[in-house]
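> The structure follows.
The values are calculated or read from the model by the stated rules, or taken from the named source; none is laboratory data. Keep in mind that this is a model prediction, so the values were computed, not measured. Because the Cβ atoms are built from the backbone with ideal geometry, glycine has one as well, and the counts that use them run over all protein chains shown.
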Amino acid sequence: MPPSLDDWLPQGHTARFVSEVVEEMLDLTPIYAAYATRDGGPPYDPRMMLKVLLYGYSTGVTSSREIERRCQVDVAFRWLSANDAPDYRSISRFRRRHLGRLDQLFTQVLRLCSDAGLVKLGRVALDGTKLRASASRHKAMSHDRMGPRIADLKRQVRELLDEAEATDRAEDAEFGEDRRGDELPKELMTREGRLAKLRAAKRAIEEEARTKAAEKAGSAAREKGAGEAEVKAAETRARKAAVPDPKAQRSFTDPDARIMKTHEGFQYAYNAQAVTDEKSQVVIAVAVTQQATDVRQWQPMVAATEQQLITAGITEKPRRWLADAGYYSDENVKASGEKGMDVLIATGRLSHHERVEPAPRGRIPEAATRRERMARRLRTQQGRADYARRKAIAEPPFGQMKVRQAAGHLRLRGLAGAQGEWLLHGICHNLRKLSKGGAGPIGQPA
């Protein structure tokens, strides 16, 4: 009798837990529905492909080529794929094809974590981290270099067209007018492609500058108490007067990525957001943005969390929200207060060894601003005790995903690809928490 792979894989192994979750706990109807309009079935069973993908990401194997190799030499991968090793193109296409359905899987896993008692919604913390994009800094160009380069390429295209026209006339005179006349030299096609990319990148930088200027002007007008019409007028004026930063860059490998400060210096990256529950560090909501700063992510992430909880059938709401100074703005605090939320957002960063003095006793002055009221609350005994938990809640999931799941460097390009891959990492993180709450550790190497 041939050897059985099932005998080679220990009981309680990570791969068995992933298989059990996919087989018995997840509804894959949306994924199977994607193949309903095709003639014939998918090349590989979607259930098997999902198992391999989840196990790979849970153990830090995110490359489709490496997953293919593991399906040939790694017992756990071979067990999950039933010895039917998919090629890397099929794995890559499956991952990219179902990015839009990962949010439904995320919701299902969140519900499983809640049912297992891993989500309590006492204190929750919002934080962001930078994820390296799949883009090279050497294949990028700044705005001040694009103008001369566009002019140079236009000149080259014009010269090539003139040369092609002269060649056509000479050949027509020599061989007759039998050529189609629509053949383009390879050099011309290459240069026209570059020219189109440069023009698109230049327009994107200019539009981003206009958008930033409008947002800044609108926020300033709102803080002064301006009406909506005045805010719109200020935004329109700012858009017209906006001038792009000459050093603003665009990558040609991933145009959606932006230069951001990471632990490796300034790199093309995305800003990944996550809301984490205190009880077991289960991630409740995730998102990816192109904005390097966090201040504009507060309200969208609050809305995403509320929607995620409703979709998952969780009726409770977070008792207290925690966030660092990067999320503070009077507008964010005001919006949270109007929704009846209990929030603690740092009003500024502490310098090294700086101590927080206790809040002054007595009534809060009526003329105190929102920032002053928040700063005073953070200095109370309860406020300091709550805010001291922020780092312990928000930051471990990022470390765990970057170390165990290799989440720090994205494989997929484009904003949609980055969002889908961050969702996939969130699903695997929550699966690891779920396994620790019942079926044993997940994410340990085979």
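> For residues that are among the small types (Gly, Ala, Ser) and crowded, with 20+ Cβ neighbours inside 10 Å, scanning just segment 249-268, find the one that is farthest from the chain's Cα centre (by Cα).
Among those that are among the small types (Gly, Ala, Ser) and crowded, with 20+ Cβ neighbours inside 10 Å, it is SER251.
> Can you say whether ASP115 is within 26 Å of SER280 (Cβ to Cβ), at pLDDT below 95 and surrounded by fewer than 16 Cβ atoms within 10 Å (Cβ to Cβ), as far as the supplied structure shows?
Here the answer is yes, as ASP115 does meet what is asked.
> Take the conditions surrounded by 13 or more Cβ atoms within 10 Å (Cβ to Cβ) and either within 15 Å of the chain's Cα centre (by Cα) or part of a strand (DSSP E or B) (or both) and apply them to ASN271. Does it pass?
yes
> Here are the criteria: (1) farther than 27 Å from ALA274 by Cα; (2) surrounded by 15 or more Cβ atoms within 10 Å (Cβ to Cβ); (3) in contact with a Pro (Cβ under 6 Å, 6 or more places away or on another chain). Tell me which single one LEU121 does not satisfy.
(1)
> Identify all residues within segment 336-350 that are within 20 Å of LEU121 (Cα to Cα) and hydrophobic (A, V, I, L, M, F, W, C); write none if there are none.
Residues satisfying the conditions are MET341, VAL343, LEU344, ILE345.
> Go over the candidates THR262, THR236 one by one and state the one that is at pLDDT 85 or above and closer than 30 Å to LYS402 by Cα.
Answer to the check: THR262.
> Being more than 26 Å from GLY420 (Cβ to Cβ), in contact with a Leu (Cβ under 6 Å, 6 or more places away or on another chain) and either surrounded by 20 or more Cβ atoms within 10 Å (Cβ to Cβ) or not aliphatic (A, V, I, L, M) (or both) narrows it down to one residue among GLU316, GLU331, GLU338; which is it?
GLU316
> Here's another thing I want to ask about it. Give, as residue ranges, the strands (runs of 3 or more DSSP E) completely inside segment 279-395 that count at least 3 residues that are touching a Pro at 6+ places or on another chain (Cβ under 7 Å).
none
> Also, I was wondering about something else. Examine segment 28-40 for a residue that is touching a helix residue (DSSP H, G or I) at 6+ places or on another chain (Cβ under 9 Å) and within 24 Å of GLY408 (Cβ to Cβ), and state whether such a residue exists.
no
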